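Q: Would you mind keeping the following structure in view while I ask a few things?
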Amino acid sequence: MSFLRAQALEHFLREIEAFKLDHCHETGHTFDERINGFRLGLEKILGNQPGSVTVRTNGVAGGPPGQEQVTGTDLNPGYGGNG
(Lines give C-alpha, C1' and ligand atoms only; values in the text may rest on other atoms or scores of the structure.)
Protein backbone atom coordinates (compact mmCIF):
# COMPACT_ATOMS: atom_id res chain seq x y z
CA MET A 1 0.00 0.00 0.00
CA SER A 2 2.82 2.43 0.73
CA PHE A 3 4.16 1.94 -2.80
CA LEU A 4 0.76 2.76 -4.30
CA ARG A 5 0.39 5.82 -2.11
CA ALA A 6 3.90 6.98 -3.07
CA GLN A 7 3.02 6.58 -6.76
CA ALA A 8 -0.21 8.54 -6.29
CA LEU A 9 1.64 11.33 -4.46
CA GLU A 10 4.32 11.51 -7.16
CA HIS A 11 1.63 11.78 -9.84
CA PHE A 12 -0.18 14.43 -7.79
CA LEU A 13 3.02 16.46 -7.42
CA ARG A 14 3.66 16.30 -11.18
CA GLU A 15 0.13 17.61 -11.81
CA ILE A 16 0.58 20.43 -9.30
CA GLU A 17 3.95 21.40 -10.78
CA ALA A 18 2.49 21.46 -14.31
CA PHE A 19 -0.44 23.59 -13.12
CA LYS A 20 1.94 25.97 -11.35
CA LEU A 21 4.15 26.32 -14.43
CA ASP A 22 1.13 26.99 -16.64
CA HIS A 23 -0.78 29.38 -14.39
CA CYS A 24 1.46 30.83 -11.64
CA HIS A 25 1.46 34.26 -13.28
CA GLU A 26 -2.34 34.55 -13.21
CA THR A 27 -4.34 36.11 -10.38
CA GLY A 28 -7.98 36.21 -9.39
CA HIS A 29 -10.54 33.53 -8.73
CA THR A 30 -10.45 31.85 -12.14
CA PHE A 31 -8.80 28.68 -10.86
CA ASP A 32 -10.34 28.45 -7.38
CA GLU A 33 -12.37 25.38 -8.30
CA ARG A 34 -9.36 23.64 -9.84
CA ILE A 35 -7.19 24.43 -6.81
CA ASN A 36 -9.91 23.12 -4.51
CA GLY A 37 -9.93 19.96 -6.63
CA PHE A 38 -6.20 19.55 -5.98
CA ARG A 39 -6.81 19.99 -2.26
CA LEU A 40 -9.58 17.38 -2.24
CA GLY A 41 -7.41 15.03 -4.31
CA LEU A 42 -4.58 15.31 -1.79
CA GLU A 43 -6.98 14.66 1.08
CA LYS A 44 -8.20 11.56 -0.74
CA ILE A 45 -4.67 10.27 -1.28
CA LEU A 46 -3.81 10.87 2.38
CA GLY A 47 -6.99 9.17 3.51
CA ASN A 48 -8.56 12.23 5.13
CA GLN A 49 -12.24 12.96 4.90
CA PRO A 50 -12.94 15.39 2.05
CA GLY A 51 -13.16 18.91 3.44
CA SER A 52 -11.23 18.11 6.63
CA VAL A 53 -8.59 20.69 5.70
CA THR A 54 -9.98 24.17 5.29
CA VAL A 55 -8.43 27.51 4.48
CA ARG A 56 -9.83 30.55 6.19
CA THR A 57 -9.25 33.47 3.85
CA ASN A 58 -10.92 36.11 5.99
CA GLY A 59 -8.83 35.67 9.14
CA VAL A 60 -11.87 34.81 11.29
CA ALA A 61 -11.63 32.38 14.21
CA GLY A 62 -8.09 32.86 15.36
CA GLY A 63 -5.58 32.96 12.59
CA PRO A 64 -4.02 35.13 9.95
CA PRO A 65 -5.64 35.19 6.51
CA GLY A 66 -4.96 32.06 4.47
CA GLN A 67 -3.85 29.98 7.45
CA GLU A 68 -4.90 26.36 7.22
CA GLN A 69 -6.90 24.89 10.03
CA VAL A 70 -6.81 21.11 10.14
CA THR A 71 -9.81 19.39 11.65
CA GLY A 72 -10.96 15.80 11.69
CA THR A 73 -7.84 14.26 10.19
CA ASP A 74 -7.39 10.50 10.21
CA LEU A 75 -4.09 9.68 11.91
CA ASN A 76 -4.16 6.15 10.47
CA PRO A 77 -5.10 6.79 6.83
CA GLY A 78 -5.72 4.13 4.25
CA TYR A 79 -4.99 4.45 0.55
CA GLY A 80 -7.67 6.42 -1.16
CA GLY A 81 -5.96 7.53 -4.35
CA ASN A 82 -7.14 6.80 -7.83
CA GLY A 83 -4.03 5.84 -9.35
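The values are calculated or read from the model by the stated rules, or taken from the named source; none is laboratory data. Predicted model only: the values in this text are computed from it and were never measured. Here the Cβ positions follow ideal geometry from the backbone for every residue, glycine too, while neighbour counts run over all protein chains shown.
Q: Any residue in region 19-30 that is assigned to a helix (DSSP H, G or I) sitting within a Cβ distance under 9 Å of a residue that is surrounded by 10 or more Cβ atoms within 10 Å (Cβ to Cβ) and of a type in the set (D, E, K, R)? List the pairs, counting only those 6 or more apart or interchain.
A: Close Cβ pairs (under 9 Å, with a partner that is surrounded by 10 or more Cβ atoms within 10 Å (Cβ to Cβ) and of a type in the set (D, E, K, R)) amount to F19/R34; H23/R34.
Q: Moving on. What pairs can you find where one residue is in region 35-47 and closer than 11 Å to L13 by Cβ and surrounded by 17 or more Cβ atoms within 10 Å (Cβ to Cβ), the other is modelled with pLDDT under 90 and of a type in the set (A, V, I, L, M), and their Cβ atoms are less than 9 Å apart, with a gap of 6+ or different chains?
A: Here the result reads L42/V53, each pair linking region 35-47 to a residue that is modelled with pLDDT under 90 and of a type in the set (A, V, I, L, M).
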